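My questions all concern the structure below.
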There are 2 protein chains.
Amino acid sequence: MRIGELARRSGVSERSLRYYETQGLLQSERTSGGHRHYAESAVDRVIRIQTLYAAGLNSKKIAKLLPCMRDADGRPNEIATPTLVNELTTERDRIDRMITDLLRSRDVLDEVIDTAADGATTDPASLARRR
Amino acid sequence: MRIGELARRSGVSERSLRYYETQGLLQSERTSGGHRHYAESAVDRVIRIQTLYAAGLNSKKIAKLLPCMRDADGRPNEIATPTLVNELTTERDRIDRMITDLLRSRDVLDEVIDTAADGATTDPASLARRR
DNA sequence: GTAGAAGTTGACATCAATGTCAGGTTCAAG
DNA sequence: CTTGAACCTGACATTGATGTCAACTTCTAC
């Protein structure tokens with residue numbers, strides 16, 4: 001598929017897809033005229049990249065990590081080196097702390113929202129949030 | 001307490017504390033010479049601010065949200081307006097998605113780490129992570 | 001072959017919290 | 001009073017993925 005379709009299907013801008021390529025995160029075939037063509041599997045890959053970015057990893061880490069992830073269909077292409085394992089463990093712990101923080105923040109928001117709702121509401125969404 | 005102590009105790013840089021003040025997130029008394037003095041409660045407040053920043057809220061949202069949170073000792077000073085509740089609900093849902101993403105990323109990292117560990121390890125931490 | 005949609009590269013902008021530095025002032029202990 | 005630590009303001013830098021625009025080329029449907 002071409003870049004426009006990949007962007008649409010993955011929910012990531014064309015700009016970012018080209019950027020991913022410069023960072024070595026995403027491969028593409030080129031037509032004789034220079035247009036990019038992607039395999040079907042690119043959709044999943046892009047989504048995975050996005051998810052890792054959202055978790056606070058930078059391009060370099062993602063580039064090292066991607067070959068060690070198993071694809072939908074099989075085994076990983078590489079096994080993480082001890083050095084990489086160390087880095088990833090650090091990231092894992094950071095993500096763990098992030099999750100803890102986010103849960104706390106979510107609870108705070110829920111409380112503020114529910115406090116405002118108290119007094120009178122029939123909104124099912126907020127009722128559902130009540131403890 | 002003075003800014004240095006607050007920075008140390010809250011784990012936030014002096015630079016950031018001053019920034020929080022310009023954003024209306026943090027109040028301080030001033031000595032005749034212009035030095036900031038903070039109440040004990042500032043420590044908690046700063047930590048709360050940091051947590052909300054980590055959850056992706058910006059200064060403006062945090063400024064609106066803070067008066068609606070209840071302090072350690074009591075009731076909130078304000079009740080969120082319907083408009084604010086809408087905004088906060090949007091944030092809450094975003095945070096929810098963030099948590100989902102982070103859990104996924106954490107699992108991915110765990111899998112890569114464990115795959116690398118397979119073959120031979122006696123590291124209790126990674127053994128503990130095994131499913 | 002032609003028109004218009006879609007693609008290309010390169011450059012520059014952005015966002016927002018935080019780091020850093022300079023030059024000056026205040027505080028507190030001796 | 002002195003001295004050094006701590007604090008003040010203001011300015012500029014950083015970070016890194018992404019937005020945006022310009023000028024040009026390629027692709028595709030007719």
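Out of A:ALA54, A:ALA63, I need the residue that is in contact with a Gly (Cβ under 7 Å, 6 or more places away or on another chain) and either at positive phi or surrounded by fewer than 17 Cβ atoms within 10 Å (Cβ to Cβ) (or both). Which one?
A:ALA63
Which of (1) surrounded by 14 or more Cβ atoms within 10 Å (Cβ to Cβ); (2) of a type in the set (Asp, Glu); (3) within 14 Å of DNA strand D (Cβ to nearest atom) does B:GLU5 not meet, given it meets every other one?
Result: B:GLU5 fails condition (1) only.
Does at least one position in the stretch A:97-113 carry a residue that is at pLDDT below 95, within 16 Å of DNA strand D (Cβ to nearest atom), under 30 Å from B:ILE47 (Cα atoms) and β-branched (Val, Ile, Thr)?
no
I would also like to ask the following. Taking interchain pairs and intrachain pairs at least six residues apart, which have beta carbon atoms under 6 angstrom, with the first residue in the stretch B:20-36 and within 8 Å of DNA strand D (Cβ to nearest atom) and the second among the aliphatic types (A, V, I, L, M)?
Once the first residue is within 8 Å of DNA strand D (Cβ to nearest atom) and sits in the stretch B:20-36, its partners that are among the aliphatic types (A, V, I, L, M) give B:ARG36/B:ILE3.
Report the residue count in the stretch B:22-41 for those that are farther than 28 Å from B:MET98 by Cα and either of a type in the set (Phe, Trp, Tyr) or surrounded by 14 or more Cβ atoms within 10 Å (Cβ to Cβ) (or both).
The number of residues fulfilling the criteria is 3.
The values are calculated or read from the model by the stated rules, or taken from the named source; none is laboratory data. Predicted, not measured: the structure shown is a model, and the values here were computed from it. Cβ: placed from backbone, ideal geometry, glycine included. Neighbour counts: every protein chain shown.
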